[in-house]
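Data block below; observations after.
The values are calculated or read from the model by the stated rules, or taken from the named source; none is laboratory data. For clarity, every value in this text was computed on a predicted model and none was experimentally measured. Neighbour counts run over all protein chains shown; Cβ positions are idealised from the backbone, glycine included.
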Amino acid sequence: MEFEQRTKEVIVQFAEQGLNAALFYENPDPRTYVSLVPTSAITGEGMGNLLALLVQNCQTMLAKRLMYSEELQATVLEVKAIPGLGTTIDAILVNGRLREGDTMILAGTDGPIVTQIRSLLMPQPMKELRV
């Protein structure tokens, strides 16, 4: 009973701001209604529903923006020296492809760094990289 009352109050507050809102499982049209996902800050209940809705919206509404592109896009996490390998770069590849022999240009503190990829090392599955 209390949940329904609080939900109605929140929906009215959204309406006062000019937005349609509905509980995510009762939402007639996610493109015109804001989906409300009840969560508990104490128990964490509802977080699974929130994540599921986020993934669902990404797969449906953002599908074209999430498509693979040949344009290289990567994020450098760390540059470190590994004995026997020399200087290595840990990076997350978002789009595109990297191959041995490719030339990379990275932003450094003293200007651009131009280097050639000698080898691509892949981490073992489920192994922590930062130790």
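Annotation: of all residues in the stretch 97-131 being of a type in the set (S, T, N, Q) and at pLDDT 80 or above, the one that is farthest from Gly86 (Cα to Cα) is Thr109. So for the stretch 30-50 (the condition being part of a strand (DSSP E or B), of a type outside the set (S, T, N, Q), more than 22 Å from the chain's Cα centre (by Cα) and closer than 21 Å to Glu4 by Cβ), does at least one residue qualify? Within the stretch 30-50 (the criterion being part of a strand (DSSP E or B), of a type outside the set (S, T, N, Q), more than 22 Å from the chain's Cα centre (by Cα) and closer than 21 Å to Glu4 by Cβ), the answer is yes, since at least one residue qualifies. For the stretch 90-113, filtering for residues that are surrounded by 10 or more Cβ atoms within 10 Å (Cβ to Cβ) and more than 30 Å from Lys64 (Cα to Cα) leaves 2. Close Cβ contacts (under 6 Å, 6 or more residues apart or on different chains) running from residues in the stretch 12-25 that are over 23 Å from Gly48 (Cα atoms) to residues that are small (Gly, Ala, Ser) comprise Phe14/Ala21.
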